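As structure tokens, the structure follows; a few thoughts come after it.
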Amino acid sequence: MDSVYIRGVGMTRFGRFLDRSMKDLGREAVEAVLSDAALEVKDIQALYFANSLAGLITGQECIRGEVVAYPLGFGTIPIHNVENACASGGNALHLAWMAVASGMCDTALALGVEKANHEDRTRMFSAYKSGTDIEEMFATGAGAGTDRTPLVDRQAVLAQTLMREKGLTLDDFGRIAAKAYHYGSLNPMAHRREGHDIQTVLGARMVVDPITSLMSSPISDGAAAVIVSRHKGSGPSIKIAGSRLASRPPKGIPGPTSAKSATTAAFTAAGIEPREVQIAEVHDASVAYEVIAWSECGLCPEGDEHKWASTDYTALGGKLPINTSGGLISRGHALGASGLAQVYELVEQLRGVAGDRQAGNPRVALAQVGGGVIDWQTSVSTAHVLVREDS
């Protein structure tokens with residue numbers, strides 16, 4: 001298979017943008033990525049468009065990618081619409097990588113756009129039920145789908161399990177969230193830039209015990225884009241050394257989680273060990289999700305979760321900086337764009353242009369994002385191993 005390089009990245013700030021359309025958000029991200037790659041619309045040979053909730057929030061159920069791309073000058077080329085809940089953006093990038101790696105095209109664009117906020121809060125929160133098996137949904141408490149997304153109830157159970165089985169404490173969860181808010185305060189693209197400390201996180205409104213309102217990701221609007229190509233372009237060459245997507249094990253058959261399967265396969269394809277990763281962006285729709293991702297991605301040895309959570313291990317200056325963008329908790333979580341926003345951050349870090357968030361001089365990075373829930377487990381995950389090739 002051909003080597004695949006990241007030619008350019010671009011994104012909007014994430015936030016609550018009731019007055020902005022998908023077309024508007026998409027335009028900003030596309031203009032940014034084309035400028036970064038020094039390419040034009042005519043250079044793109046395939047487009048993979050990621051979105052999760054437009055059908056439920058805006059009513060644009062079909063041809064979402066074509067609708068956003070048409071006014072930007074795209075036409076004739078294949079435009080693929082990709083939906084895989086929170087993993088949609090990572091899925092789009094994986095497909096773009098496959099198209100280039102297989103020789104189907106030289107240059108492809110992965111574009112994720114999400115317009116999740118709506119004035120009708122019940123409509124907004126209930127839309128997230130579609131990221132589960134609605135016929136066999138996990139148990140939730142009163143208010144799920146009306147004053148919060150149902151997924152927060154799962155986050156709470158996972159947090160309780162980590163406290164019981166791994167020894168994590170409320171202070172640990174507060175520290176993880178405060179780390180995210182510190183990073184987010186340094187990121188001009190972040191939804192939440194307030195820089196909350198541990199006590200503020202712990203003292204925030206309790207949503208579902210022990211998850212406070214500042215321990216989970218906000219509902220974000222935004223867009224992000226990545227151009228991949230066989231051609232390196234100018235500047236540091238960043239190769240996608242491994243790209244994989246995996247789903248959860250079949251019903252009734254024990255097996256690795258989707259995150260473990262995807263990251264293991266991506267590392268194998270890249271010829272890289274998890275211990276070689278120097279910076280990572282992992283799925284952290286809540287503090288519990290981040291802790292689980294550390295071990296499922298092979299980054300944290302089993303049993304060391306409390307040690308990592310109670311120290312600055314994953315902070316700037318720590319041994320393995322994780323989610324320097326602020327993660328989903330602070331940068332925000334625009335479902336179709338989140339996986340691509342992770343890659344945006346890692347490319348900034350590998351290029352050495354992340355400003356106050358710069359985590360040394362990393363060469364090897366991991367992006368992992370999960371999506372949806374079936375029978376309690378995350379239904380799908382993508383993993384991308386990025387390597388800067390120094391001349």
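A search for C-beta distances below 6 Å between a residue of the range 340-353 that is of a type outside the set (Asp, Glu) and any residue that is in a helix (DSSP H, G or I) and at pLDDT 95 or above, counting only pairs 6+ apart in sequence or on different chains, returns 340/89. On the basis of being under 28 Å from residue 109 (Cα atoms), small (Gly, Ala, Ser), in the same structural domain as residue 345 (by TED's automatic domain parsing) and under 21 Å from the mean Cα position of the chain (by Cα), does residue 185 make the cut? No, not satisfied. With respect to (1) crowded, with 24+ Cβ neighbours inside 10 Å; (2) out of contact with any Phe, Trp or Tyr (no Cβ under 8 Å at 6 or more places or on another chain), the lone exception for residue 304 is condition (1).
Residues of the range 122-170 being among the basic types (Lys, Arg) and in contact with a Leu (Cβ under 8 Å, 6 or more places away or on another chain), which ones? Scanning the range 122-170 gives a single hit, 123. With the condition kept exactly as written, say whether any residue in the range 312-330 is touching a strand residue (DSSP E or B) at 6+ places or on another chain (Cβ under 6 Å), in a strand (DSSP E or B) and not acidic (Asp, Glu). Scanning the range 312-330 turns up at least one residue that is touching a strand residue (DSSP E or B) at 6+ places or on another chain (Cβ under 6 Å), in a strand (DSSP E or B) and not acidic (Asp, Glu).
Filtered by the rule that a residue be under 15 Å from residue 107 (Cα atoms) and not basic (Lys, Arg), the range 1-34 gives 1, 2, 3, 4, 5, 6, 8, 9, 30, 33, 34. The helices (runs of 4 or more DSSP H) found wholly in the range 119-215 and carrying at least 2 residues that are surrounded by fewer than 20 Cβ atoms within 10 Å (Cβ to Cβ) and at pLDDT 95 or above occupy 151-166, 170-185, 198-203. Among the residues of the range 36-57, just one is of a type in the set (Val, Ile, Thr) and either part of a loop (DSSP other than H, G, I, E, B) or outside the structural domain of residue 228 (by TED's automatic domain parsing) (or both), namely 44. The set of residues in the range 1-35 that are in a loop (DSSP other than H, G, I, E, B) and either of a type outside the set (D, E, K, R) or touching a residue at least 60 places away in the same chain (Cβ under 8 Å) (or both) comprises 1, 2, 3, 4, 12, 13, 14, 16, 17, 18, 20, 21. Go through the residues of the range 372-390 one by one and say whether even a single one is crowded, with 24+ Cβ neighbours inside 10 Å and in contact with an Asp or Glu (Cβ under 6 Å, 6 or more places away or on another chain). For the range 372-390, residues crowded, with 24+ Cβ neighbours inside 10 Å and in contact with an Asp or Glu (Cβ under 6 Å, 6 or more places away or on another chain): absent.
Inspect the range 10-28 for any residue being closer than 23 Å to residue 241 by Cα and not assigned by TED's automatic domain parsing to the domain that holds residue 354 and give the result as yes or no. So that I can check it myself, show each step before the final result.
Our first condition is that a residue be closer than 23 Å to residue 241 by Cα; within the range 10-28, this holds for 10-11.
Next, only the ones that are not assigned by TED's automatic domain parsing to the domain that holds residue 354 stay: 10-11.
Checked the range 10-28: at least one residue is closer than 23 Å to residue 241 by Cα and not assigned by TED's automatic domain parsing to the domain that holds residue 354.
When the criteria are applied in full, residue 113 meets the requirement of being in a strand (DSSP E or B) and of a type outside the set (Gly, Ala, Ser).
Inspection of the range 346-364 finds a residue satisfying the criterion of being over 14 Å from the mean Cα position of the chain (by Cα) and assigned to a strand (DSSP E or B).
The residue pairs whose first member lies in the range 126-141 and is β-branched (Val, Ile, Thr), whose second member is surrounded by 14 or more Cβ atoms within 10 Å (Cβ to Cβ) and part of a helix (DSSP H, G or I), and whose beta carbons are closer than 6 Å, counting only pairs six or more residues apart or on different chains, are 140/153. Can you pull out the residues in the range 223-244 that are surrounded by fewer than 22 Cβ atoms within 10 Å (Cβ to Cβ), under 28 Å from residue 52 (Cα atoms) and not charged (D, E, K, R)? If the condition is that a residue be surrounded by fewer than 22 Cβ atoms within 10 Å (Cβ to Cβ), under 28 Å from residue 52 (Cα atoms) and not charged (D, E, K, R), then 241 is the only one that fits. Of the listed requirements (1) of a type in the set (A, V, I, L, M, F, W, C); (2) at pLDDT 95 or above; (3) within 25 Å of residue 189 (Cβ to Cβ); (4) in a loop (DSSP other than H, G, I, E, B), residue 300 misses just one: (3).
The values are calculated or read from the model by the stated rules, or taken from the named source; none is laboratory data. Just so it is clear, the structure is predicted and the values come from calculations on it, not from any experiment. When we count neighbours, we look across all protein chains shown, and the Cβ atoms used for this are built from the backbone with ideal geometry, even at glycine.
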